[in-house]
1. Go through the stretch 7-23 and give me each residue that's within 16 Å of ligand 1 (Cβ to nearest atom) and open to solvent by 60 Å² or more (accessible area, probe 1.4 Å).
2. Where residues in the stretch 41-77 are open to solvent by less than 20 Å² (accessible area, probe 1.4 Å) and of a type in the set (A, V, I, L, M), which of them is farthest from residue 142 (Cα to Cα)?
3. Would you tally the residues in the stretch 370-405 being free of Cβ contacts under 8 Å to residues at least 12 places away in the same chain and over 26 Å from residue 329 (Cα atoms)?
4. For the stretch 1-53, what are the residues that are under 17 Å from residue 210 (Cα atoms), among the β-branched types (Val, Ile, Thr) and free of Cβ contacts under 8 Å to residues at least 40 places away in the same chain?
5. Report, by residue number, each residue of the stretch 233-268 that is in contact with a Lys or Arg (Cβ under 9 Å, 6 or more places away or on another chain) and of a type in the set (Asp, Glu).
6. Return the residues of the stretch 352-384 that are exposed (fewer than 14 other Cβ atoms within 10 Å of the Cβ) and of a type in the set (Ser, Thr, Tyr); say none if nothing qualifies.
7. Specify the residue that is most open to solvent (accessible area, probe 1.4 Å); the eligible residues are those in the stretch 306-329 that are under 15 Å from residue 235 (Cα atoms) and part of a loop (DSSP other than H, G, I, E, B).
8. Output the residues belonging to the stretch 195-234 that are surrounded by fewer than 24 Cβ atoms within 10 Å (Cβ to Cβ), farther than 19 Å from residue 373 by Cβ and either within 12 Å of ligand 1 (Cβ to nearest atom) or charged (D, E, K, R) (or both).
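The values are calculated or read from the model by the stated rules, or taken from the named source; none is laboratory data. Everything numeric in this text was worked out from a predicted model, so none of it was measured. Glycine gets a Cβ as well: all are built from the backbone with ideal geometry, and neighbour counts include every protein chain shown. Note: accessible area is taken over every heavy atom of the protein model, side chains too, but ligands, DNA and RNA are not part of it. Shrake-Rupley method; radii C 1.70, N 1.55, O 1.52, S 1.80 Å.
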Amino acid sequence: MAKVLGLRCRECGQQYDKAPIHVCELCFGPLEVQYDFTAGPKITRELIEDGPLTMWRYKDLLPLDGEPTVGKHVGYTPLVKADNLAKALGLTGEVYVKNDSVSHPTLSFKDRVVAVALSKAREFGFDIVGCASTGNLANSVAAHAAEGGFESYIFIPHDLEQGKIVGTLIYGANVLSVQGNYDEVNRLCSEVAGKYGWGLANVNLRPFYGDGSKTFGYEIAEQLGWRTPQHVVCPSAGGSLVTKIYKAFQEFHKLGLIDEVQTKMYVAQATGCNPISTMVKEQTEIMKPVRPNTIAKSIAIGNPADGYYAAETCRKSGGWAEDVTDEEVVEGISLLAKTEGIFTETAGGVTVAVTRKLIEQGRIPKDESVVICITGNGMKTIDAVVGKIGQTIPISPSLASLEIALSERGLAAKPGRPLVTA
Ligand SMILES: *Cc1c(COP(=O)(O)O)cnc(C)c1O
Ligand SMILES: [Zn+2]
């Protein structure tokens, strides 16, 4: 394994020992894991390619001291060449969907961060874990806590989708449904982490949790044949994923695995919760927290912990940010489903719709390569699309009834392929 030297403040550079802490005592800046990538085996394309077909093929770039103890099968999701979607978007360049809607085991990219956070929680000796969540993190912490035999306490806003609530309770987690929005839930969890000896994935374990997201970026680069695309569009909530994808690309370049990174990074948000896209569009470094009001609940964080860094990633890389209405979110979900057969949740609808907007604005040129980050599964947020996606055709169990129903709707007026009779 690598080489975890300790933690370091992103703002003032103060160093700390490896510990379940996430804020600098001197300046309140966020802490980051510091590595020595030369301490372990030499990291080469071959070393990685010989690894397991999971996120752990990059274990020498992740912050564990030993082998993972939960989430051993997470990651290495498909990078899908999306030619139908490209055509629908009017693009002639290569378009790919990085599809974490099929992530094992809980169908969102949060499995990556939780596999690292709870394996780290075990190394630190925690027996109780938890998180503050907008839904997907709740599912993943609850599942991995069950797998690892941890007791778990999951804090969520009271108004989450049924799919996200059921998908947490099923694992036997203690679920605290808080009368408040995510930002209030998160504030409560900071107090909980200070008062009880619990390992909270995105609070006191946050520096380790965050680095699990790097694997999303490593996979994009490796699956493209050891190169990065010209554009990456990524949904942002706390703002961590987009910064870590970019960091992953930079690390690969520093290790000599890929050429210099020219990729432009774009943040996608819902207009009903757009603190990061507002910063980018208004070209300011001051983030104004908002009160979320959108169907894209998984990314409804009004005061994102890494919002500043997410905006900086867009700026530094030459990218941009945009936000879309709830109506456009549903159109985005539907477009991806109809063109590529991939059913994503509301955050994915945001990302597809923002990609379309960026193309219309001319920010993403039509002949360049794009990776669209699909981070969660549509079966968890059916509430968002029910009643907006067409209806079933009711019939009796007879051919006559079928034929009437089809002809009434002008369907299947001509035969399909010829019947082959014996
Ligand atoms: C959490 C989440 C995000 C955003 O992640 P951040 O790292 O907090 O910006 C994006 N998509 C989905 C589906 C999520 O659950
Ligand atoms: Zn500091």
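1. We begin by selecting, within the stretch 7-23, every residue within 16 Å of ligand 1 (Cβ to nearest atom); these are 10, 22.
Answer for the stretch 7-23, where residues must be within 16 Å of ligand 1 (Cβ to nearest atom) and open to solvent by 60 Å² or more (accessible area, probe 1.4 Å): just 10.
2. 43
3. The number of residues fulfilling the criteria is 11.
4. Within the stretch 1-53, 23 is the sole residue that qualifies.
5. 251, 259
6. Selection gives nothing.
7. If we take residues in the stretch 306-329 being under 15 Å from residue 235 (Cα atoms) and part of a loop (DSSP other than H, G, I, E, B), then 325 is most open to solvent (accessible area, probe 1.4 Å).
8. 195
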